[in-house]
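Just so you know, all these numbers are worked out from the coordinates, no wet-lab data involved. Computed from a predicted model, the values in this text were never measured in an experiment. Because the Cβ atoms are built from the backbone with ideal geometry, glycine has one as well, and the counts that use them run over all protein chains shown.
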Amino acid sequence: MAHIVTEPCIGCLHADCVNVCPVDCFHQDTNMLLIDPFECIDCGACIPECPEEAIFTDDTLPDEWKEYTTINAEKAPGLPVITNSGQVPPFERGRHCQ
Ligand code: SF4
């Protein structure tokens with residue numbers, strides 16, 4: 001099992017979630033964050049930090065975002081790790097979070 005970042009993260013990049021992850025398994029794509037499921041320990045600390053409610057567990061993942069299980073698993077390991085929300089440049093923040 002792993003936690004999964006889904007579509008509501010796109011264009012947000014608020015990234016408060018990365019500040020609380022004990023194993024630094026968030027990775028930054030161009031327009032959203034992704035979780036490496038091979039590193040995530042399912043602690044759940046990131047869920048309440050997400051202002052867009054974009055993070056789910058396998059068993060709470062809405063059907064409309066099932067594809068994000070594969071997207072997180074395939075893309076996250078090859079992307080840069082992000083461990084601090086300050087790593088997201090303000091100009092990259094999107095419609096939700098200025
Ligand atoms: Fe990190 Fe815990 Fe969230 Fe997994 S559930 S991404 S280990 S904060």
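General remarks:
- Selection from the stretch 1-34 of residues that are within 16 Å of Leu61 (Cβ to Cβ) and small (Gly, Ala, Ser): Ala2
One line per residue, one yes/no per condition, for (1) part of a strand (DSSP E or B); (2) of a type in the set (A, V, I, L, M); (3) away from the ligand (no atom under 12 Å from the Cβ); (4) without any contact (Cβ under 8 Å) to a residue 60 or more places away in the chain:
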{"site": "Ile4", "(1), (2), (3), (4)": "yes, yes, no, no"}
{"site": "Pro8", "(1), (2), (3), (4)": "no, no, yes, yes"}
{"site": "Gly11", "(1), (2), (3), (4)": "no, no, yes, no"}
{"site": "Pro22", "(1), (2), (3), (4)": "no, no, no, yes"}
{"site": "Asn31", "(1), (2), (3), (4)": "no, no, yes, no"}
{"site": "Leu34", "(1), (2), (3), (4)": "yes, yes, no, yes"}
{"site": "Ala45", "(1), (2), (3), (4)": "no, yes, no, yes"}
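- Residue selected from the stretch 52-65 under the condition loosely packed, with under 13 Cβ neighbours inside 10 Å and not in a helix (DSSP H, G or I), by the criterion nearest to the ligand (Cβ to nearest atom): Glu53
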